[in-house]
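Chemist: Questions regarding the structure given below will be posed in turn.
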Amino acid sequence: MTSRRHELRRYPWQVRDSGQLLLVAAAGVWLVAAVAQTAAEGLKDPRIAIAFGALIAFGELLRLNLPGDRETAPIGFAGALAYALLIRVGTHVVQLSAEQVVTVATIGMIIGALPHLAVGRPARVSGMAARLLCVACVAYIFRPLAGNSTLDRNWGLAFTLMTSLAVLALLLEAVLTALLRVDEQQARFRVALVDEMRVQLPLGAAVGASALLIAFAAEVMGLYSLAVFTAPLLVTQVAFRRYAGIRATYLQTVRALAKVTEIGGYVEAGHSERVSRLAVAIGRELGIHEPQLLELEYAALMHDIGQLSLRDPIPGGATVLVSRPDQQRIAELGADVIQQAQVLGSVAEIVRRQNEPYRAVEGAVNGHPAPGHTAGRPPPGSPSLGSPSPGPPPPGPPLSSRIIKAANAFDDLVGSSLDPGRAAAAVQRLRLDTASEYDPATVEALSRVVNRRSLLL
Amino acid sequence: MGKLSRVALLYIGAVAVTAAVLVARGPFTGLKWQYVVFLGILVIVTESRATQLRKGQLSWSSSSAAMLASVVLAGPAGAAIVGACTAMGLRRGPHILQRVFNTSMYALSAYLAGRVFIALGGHVGLPNENSFPDIIAPFAGAALILVAANHGLLSGVLWLTRSKDRTPASTLGVGLSARLLLSDLGYAAYGLLMAALWSVVGFFAPLLVLIPLFVARWAITQFAEQQKSYEATVGALCQAVETKDFYTRGHSDRVSRGSVMIAQEIGMRGERVEAIRYAGMLHDVGKLGVPTKVLQKTGKLTEEEYAAIQLHPMRGLDIVREIGFLDEALAGIMHHHERIDGRGYPMGLAGHEIPEFARVLAVADAFDSMTSNRSYRGARPVAEAIEELRKWSGTQFDPAFVDAFVAALNREGWPRPEPPVLASDDLTAVTAQDHDDPGAPLRVIDSL
């Protein structure tokens, strides 16, 4: 069981996807050229270079985990951008080449990443490469202009140029990270980009503003601006870390507590986890955005929580094998539990409607007549219970419910088996039921996910 | 704030008068009004957006930066005016006295910060290239005074207006303050950046500085929201585990509350109190691994059945192991049925070998079991339960925690649990023997 889990969960450092390779290679080539040229010309303003290099290394050391398995180094990134945008330190006009910016940023990043490697944490080379490419872009655009006298006299122009370059760098980082995620998780690019921007927007704004702040402040405060500025950014980062920490704990807790159904013998071991992983993969395949994907994951983890309220466990926990009213009752009870948390309203709704057929067809309802058995209150708008009302057809269940329905049925049929033939047969069986029971698009997405998975094994 | 004592009123009055007198003495000659007006408006606008934080946490980061910038740019009197603006946010709600106090508190601390800045050799006015690094020491002094004066004055009023019967003074946010103090000092650096940048980018300086501050505030708000929903979710899930048994409904919640009472009484750090709160909620999740028929059995238990019950702390640990809690909470869940005399389960640890969390949980757990209704007896009165705790103190329970719990109970009282309503449906089971109840220990058939 556990061995399979490890096989299926690919860590980014275990698999170098083509996109990652390309990115790292591009950064590497650029880097070699930059270092060679810097070495040939010699390091200009070494004191300033060392100060910024130290800041970048420090920032890289204090990497930050954001929700959704993202790792960034906001302080280091801000420091590197500021170095690229530097015009003067005190009264001294800084003359530095774009190559030197790239070199200093790289050395700083590598030094900062070493301790991570030393304690056995992943180096996250692709993230570093993405940040480096953004810094390099800004440096190659801005450095030739920095010595320009018009720019020096007209601070309004300089301000505008620097601001737009900072924005450009952050957008570029979002695009690069989104591309990496498309590669890594088989997500759609547009979905990944929007998600990336949404997650990165607050921190990105802080990074960009901080980069500008350091660059401007250095004109008055000299290199002390680095020291003065580190304190507040640290505090900002601590605030972010706590936020990301509670998000992670939240997910871990729901994952852990979803297991109570397994320990109580209601569900086969690993069922909730497998259904949730499959559901999330299907959701991603269908282009669901991250916030809804998280709700889907919660709902999938807890989809069987209603079984806790049953006196006797269903044999094997396979909800697909019990009658529809009983399924509906479990779903209702589960939704009631989740509803009590008050904050997971939409998750409760997803769980409540997880058994509804995709389309309310007369025959499907008539196939399971048991009015006395239903758990009291049919949900409003539910097409599966009660008599079909005249007028416009009731809206079908939400997409997330349809996904859980399919993923749950698939897992009930296949379980922890690794046999591709069995998986294919299960998909085939679901496909036969797409007329009313399962959402055809969801089943097709499921089929793609399952095929990809069997290729991996 | 409710009804205030005379001392509290006197205190607020004293702070207000001191602030008014000091600010009125000026000096106003040569005051750069443009800074004061701009920063004042800025603070009013930023403070108008209320931030919902956990109780007792205050967020004034952006205002402190603006106040400190005005210390450098406009001197003590100017800073005091900006400080006074802080409390004038357009936010609805606060009591008039609270507003008066806040206004004078911020004005007074900003004024003091300005005085310290000058006393330490800082020059009031726009900083230039030559101001650094000499300005850093006076600025740091001013920041320290601003934060310290603020926290001092605030702690004073909180202490004087605390509700007498609830929180012991020792836990009144001392741990919280140390953390807040540090982060406030961190944000204070933005004040210097604001002042320094003014000479480069003018009015853009405060706006640029505000972006990271707002982001930090956003993150803090998000954190607070997530934490609230997290608590609600854990609570709901625990209740789901409990729905199996009408008699133990609300048990986790009450054990959690009791453990927190003990933890606060013995002065645990805020973070550990949080951890024990969750440990209390989750301490019995492993009970789900015990077959229902064992829990429902009325007669003596066989050795196997007893072993199944003894396994529940380990089952619980299996469930919660992957949650990124403090390890202490995990240890507490695993060992909450150990006894001081070493005759508990699952490991038979004795005395201080038992983790502190587990010893705390054990007391709250047994107490709630005794004061709740069970199928075989009614709820026992609190006094009787305390008697029982004392009786087992030293053999089953850690005497220090029994004493702490009794002290907390005497001060705060204990809400009577709702009597269980037996449902007519067949969904719920009933515990026939409570493994938590020290007064009615589980009976095991002697196999030999």
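Chemist: On average, how many beta carbons from a partner chain sit within 10 Å of the beta carbon of a residue in A:273-283?
Modeler: Details: counts 0, 0, 0, 0, 0, 0, 0, 0, 0, 0, 0.
Partner Cβ neighbours, averaged per residue: 0.
Chemist: From the backbone phi of the stretch A:83-89, what are the Karplus-calculated ³J(HN,Hα) couplings (6.51 cos²θ - 1.76 cosθ + 1.60, θ = phi - 60°) in whole Hz, Gly and Pro given as x?
Modeler: 5, 5, 9, 6, 10, 9, 10
Chemist: With unit charges on the beta carbons (Lys and Arg positive, Asp and Glu negative) and the dipole taken about the Cα centre of the stretch B:245-434, which residue among B:296, B:378, B:248 sits farthest to the positive side?
Modeler: Value: B:378.
Chemist: Compute the length gained on full extension between residue B:296 and residue B:24: take 0.36 nm times their separation in residues and subtract their Cα-Cα distance, giving the result in nm to one decimal.
Modeler: On the way: separation 272, 0.36 × 272 = 97.92 nm, distance 7.62 nm.
Gain on extension, residue B:296 to residue B:24, equals 90.3 nm.
Chemist: Could I ask something else about it? Is there a simple number for the mean count of other chain Cβ atoms within 10 Å of the Cβ of residues in B:133-140, and what is it?
Modeler: Working: counts 6, 0, 3, 4, 0, 0, 1, 1.
For this peptide, the per-residue mean of nearby foreign Cβ atoms is 2.
Chemist: For B:71, A:104, what ranking results if the residue with the fewest other Cβ atoms within 10 Å of its Cβ goes first?
Modeler: Numbers: B:71 35, A:104 29.
Ascending Cβ contact count within 10 Å gives the list A:104, B:71.
Chemist: At 7 Å along the Cα-to-beta-carbon direction for both residue A:26 and residue B:128, put a label point, then send me their distance in nm to one decimal.
Modeler: Result: 4.7 nm between the two label points.
Chemist: On to the next question. When the Karplus curve 6.51 cos²θ - 1.76 cosθ + 1.60 is applied with θ = phi - 60°, which whole-Hz ³J(HN,Hα) does each residue of the stretch A:126-132 get, with x for Gly and Pro?
Modeler: 5, x, 4, 4, 4, 4, 5
Chemist: Before anything else, pin down the relative contact order of the stretch B:245-434: Cα pairs under 8 Å, at least 6 apart, normalised by residue count, whole percent.
Modeler: Values: 287 pairs, mean separation 52.6, N = 190.
Relative contact order of the stretch B:245-434: 28 percent.
Chemist: Could the peptides A:346-355, B:294-303 be put in order, highest first, of the mean number of other beta-carbon atoms found within 10 Å of their residues?
Modeler: So the peptides A:346-355, B:294-303, ranked by packing, come out A:346-355, B:294-303.
Chemist: Considering amide H positions built from the backbone, and no H for Pro or chain starts, which residues 5 or more places from residue B:397, or on another chain, come under 5 Å of its amide H?
Modeler: B:340
Chemist: Could you give the length gained on full extension between residue A:189 and residue A:118, defined as 0.36 nm per residue of separation minus the Cα-Cα distance, in nm? Each step should come with its number before you reach the end.
Modeler: Values: separation 71, 0.36 × 71 = 25.56 nm, distance 3.41 nm.
So the extension gain works out to 22.2 nm.
Chemist: Follow-up. Which of the trypsin sites (Lys or Arg not before Pro) across the stretch B:3-46 are loop residues per DSSP, with 12 or fewer other Cβ within 10 Å? Walk me through the numbers before you get to the answer.
Modeler: Working: sites: B:3, B:6, B:25, B:32; in loops: B:3, B:25, B:32.
In loop regions of the stretch B:3-46 (DSSP not H, G, I, E or B), the sparsely surrounded trypsin sites (Lys or Arg not before Pro) are B:3, B:25.
Chemist: Then there is this: Applying the Karplus parametrisation 6.51 cos²θ - 1.76 cosθ + 1.60 with θ = phi - 60° to the phi angles of the stretch B:250-257, what ³J(HN,Hα) value in whole Hz is obtained for each residue in order, glycine and proline being reported as x?
Modeler: Those phi angles translate into x, 4, 4, 4, 6, 4, 4, 5 Hz.
Chemist: What order do you get for A:194-200, A:232-238, B:409-415 when each peptide is scored by the mean count of other beta carbon atoms within 10 Å, highest first?
Modeler: In decreasing order of mean packing, A:194-200, A:232-238, B:409-415 become A:232-238, A:194-200, B:409-415.
Chemist: If I take R0 = 60 Å and measure r between the Cβ atoms of residue B:7 and residue A:18 in this structure, what FRET efficiency does the formula 1/(1 + (r/R0)^6) give, to the nearest 0.05? If you can, show how the numbers build up before the last one.
Modeler: Details: r = 73 Å, r/R0 = 1.21.
After rounding to 0.05, the efficiency reads 0.25.
Chemist: Which aspartates and glutamates, on any chain, are close to residue B:300 with Cα under 15 Å apart, when same-chain ones fewer than 8 places away are left out?
Modeler: Output for residue B:300: B:434, B:446.
Chemist: Averaged over A:342-348, how many beta carbons belonging to a partner chain fall within 10 Å of each residue's beta carbon?
Modeler: Numbers: counts 6, 9, 4, 0, 0, 1, 1.
Shielding by partners across A:342-348 averages 3.
Chemist: Additional query: If the chain between residue A:417 and residue A:39 were fully stretched, how many nm would it gain, using 0.36 nm times the residue separation less the Cα-Cα distance? Don't skip to the answer; put the middle values down first.
Modeler: Working: separation 378, 0.36 × 378 = 136.08 nm, distance 5.78 nm.
Taking residue A:417 through residue A:39 to full extension adds about 130.3 nm, to one decimal.
Chemist: Quick check on the exposure proxy: order A:336, B:253, A:304 from fewest to most C-beta atoms within 10 angstrom. Don't skip to the answer; put the middle values down first.
Modeler: Working: A:336 20, B:253 17, A:304 26.
Ascending number of Cβ neighbours within 10 Å: B:253, A:336, A:304.
Each value in this text was obtained by applying a stated rule to the coordinates, not by laboratory testing. None of the values given here were measured: they were computed from a predicted structure. Don't worry about glycine lacking a Cβ; one is built from the backbone with ideal geometry, like all the others, and counts go over all protein chains shown.
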